[in-house]
Amino acid sequence: MPTIRTRRWKSVAFATAAVLVGLTSPALTATPAAATTTAYDSTYYKNAVGKTGTSLKSSLHTIISSQTKLSYSALWEALKVTDQDPANSNNVKLLYSGISRSKTLNGGDVGDWNREHVWAISHGDLTTSTGPGTDLHHIRPEDVQVNGIRGNKDFDNGGSGFTNSGGSLTDSNSFEPRDAVKGDVARMIFYMIVRYEGGDGWADLEGNDSVSNSSNPYMGRLSVLKQWNDEDPPDTFEERRNQVIYDTYQRNRNPFIDHPEWVEAIW
């Protein structure tokens, strides 16, 4: 069942005025994500709608914790479906680089794509046993070398480009994804924070504003991730991916793709 999304936008007059001001004023902080309604609000999300703060976070945790779990090896075939290039069904679209690469080139050699953990598995020792380390909602195909460059760095603005970066940047302690997927990355991190709260034998994952989290079960920078969520709202690719994971693989959803405004409601 496809998601039906309705945004309650501000008036056209207000939007027009904002554009005119933007012609003579410096760029402002991104407008918080607009409120949305989806076809799942009266069913899947019925116990979360209308709540805020810790109450909303707790309700969403309960909802999305009911899921089918995949093995690490099963991710190869799943990613060929969830991340299929809309323009070429023989390829997958790589997350940070934006490259379209043949589905058959999955592996560990130069020129291959592999399984990138957006929430780095060393942050909380997730491992690749069935659990958070195999959760499709934060695992994406990426070029082997680009995956290695990202490593386990926290997310932040700034840095320099690199081979096959696609516009992504990195420095000694952080990684900045290309603009087209900044919001995707943020919403994957927020999903992990809400889904894994330490009650199922795995670490309690949390966001903070550090870029020196190392092996601690934290991911930063939270303030930057919130900005990215606002600047890069969910697109068709991200929404389709969420739907395929729900329908075909895990039977749970990333609530921040359906309701990006819930990021501000919780944090």
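The values are calculated or read from the model by the stated rules, or taken from the named source; none is laboratory data. All values derive from a computational prediction rather than experimental measurement. Cβ atoms come from the backbone with ideal geometry, glycine included; neighbour counts cover every protein chain shown. SASA here: full protein model, heavy atoms, side chains in, ligands and nucleic acids out. Shrake-Rupley method; radii C 1.70, N 1.55, O 1.52, S 1.80 Å.
Describe numerically, in nm with one decimal, the distance between label points set 7 Å from Cα along Cα→Cβ at Ser89 and at Ser42.
Simple spin-label model gives 3.4 nm for this pair.
Can you compute 3J(HN,Hα) from phi for each residue in region 133-143, using the Karplus curve 6.51 cos²θ - 1.76 cosθ + 1.60 with θ = phi - 60°, rounded to whole Hz and x for Gly and Pro?
x, 10, 7, 4, 5, 10, 10, 9, x, 8, 3
Given H placed on each backbone N at 1.01 Å, which residues far from Asp112 in sequence or on other chains put an amide H within less than 5 Å of it?
Amide H neighbours of Asp112: Val144.
Check Ser168: other-chain or 5+ apart residues with amide H under 5 Å from its amide H, H built from backbone geometry?
Arg178
Please list Arg187, Arg221 in order of solvent-accessible area, largest first, computed with a 1.4 Å probe with all protein chains present.
Numbers: Arg187 0, Arg221 70 Å².
Highest to lowest solvent-accessible surface, that is Arg221, Arg187.
Tell me, what are the semi-axes, in whole angstrom and largest first, of the equivalent ellipsoid of the chain as set by the roots of 5 times the Cα gyration tensor eigenvalues?
27, 23, 20
For Asp109 paired with Ala34, estimate the spin-label separation in nm (one decimal), with each label point 7 Å from Cα along the Cα-to-Cβ line.
Going by the 7 Å Cα→Cβ label model, 4.9 nm.
Quickly work out the Ser100-to-Ala74 label distance, labels modelled 7 Å from Cα along the C-beta direction, and quote it in nm with one decimal.
3.0
Largest first and in whole Å, what are the equivalent-ellipsoid semi-axes of region 161-223 based on the Cα gyration tensor, each being the root of 5 times an eigenvalue? Numbers along the way, then the final one.
Values: eigenvalues 121, 37, 18 Å².
Over the Cα atoms of region 161-223, the ellipsoid semi-axes are 25, 14, 9 Å.
Scale the Cα Rg of region 182-267 by the rule-of-thumb value 2.2 N^0.38 Å and send over the ratio, two decimals. Walk me through the numbers before you get to the answer.
Numbers: Rg = 13.1 Å, N = 86, 2.2 N^0.38 = 12.0 Å.
Against the empirical 2.2 N^0.38 Å value, I get 1.10 for region 182-267.
Quote to one decimal, in nm, the extra length available between Thr52 and Thr127 on full extension: 0.36 nm per residue of separation minus the C-alpha distance between them.
Numbers: separation 75, 0.36 × 75 = 27.00 nm, distance 3.19 nm.
Length gained, Thr52 through Thr127: 23.8 nm.
Taking amide hydrogens as modeled 1.01 Å from N in the peptide plane, which residues meet the under 5 Å criterion relative to Phe155, leaving out close sequence neighbours?
Phe175, Gly220, Arg221
Stokes-Einstein at 4 °C, 1.567 mPa s, Kirkwood radius from Cα pairs: D for region 71-222 in µm² s⁻¹? Let's see the in-between values first.
Details: Rh = 15.5 Å.
The Stokes-Einstein estimate is 84 µm²/s.
Given the peptides 246-253, 158-165, arrange them by the average over their residues of other C-beta atoms within 10 Å, most packed first. Each step should come with its number before you reach the end.
Details: 246-253: 18.0, 158-165: 14.0.
Descending packing order for the listed peptides: 246-253, 158-165.
Could you tell me how far the Cα centroid of region 133-151 sits from the Cα centroid of region 40-110, in Å?
12
Show which lysines lie in cross-link reach of Lys69 when reach means a straight Cα distance below 30 angstrom and same-chain residues fewer than eight apart are skipped.
Counting by Cα, and skipping residues close in sequence, Lys69 has these lysines nearby: Lys46, Lys51, Lys57, Lys80, Lys93, Lys103, Lys153, Lys182, Lys226.
Karplus couplings for region 75-82 from phi (6.51 cos²θ - 1.76 cosθ + 1.60, θ = phi - 60°), rounded to Hz, Gly and Pro as x?
5, 3, 6, 4, 5, 5, 9, 5
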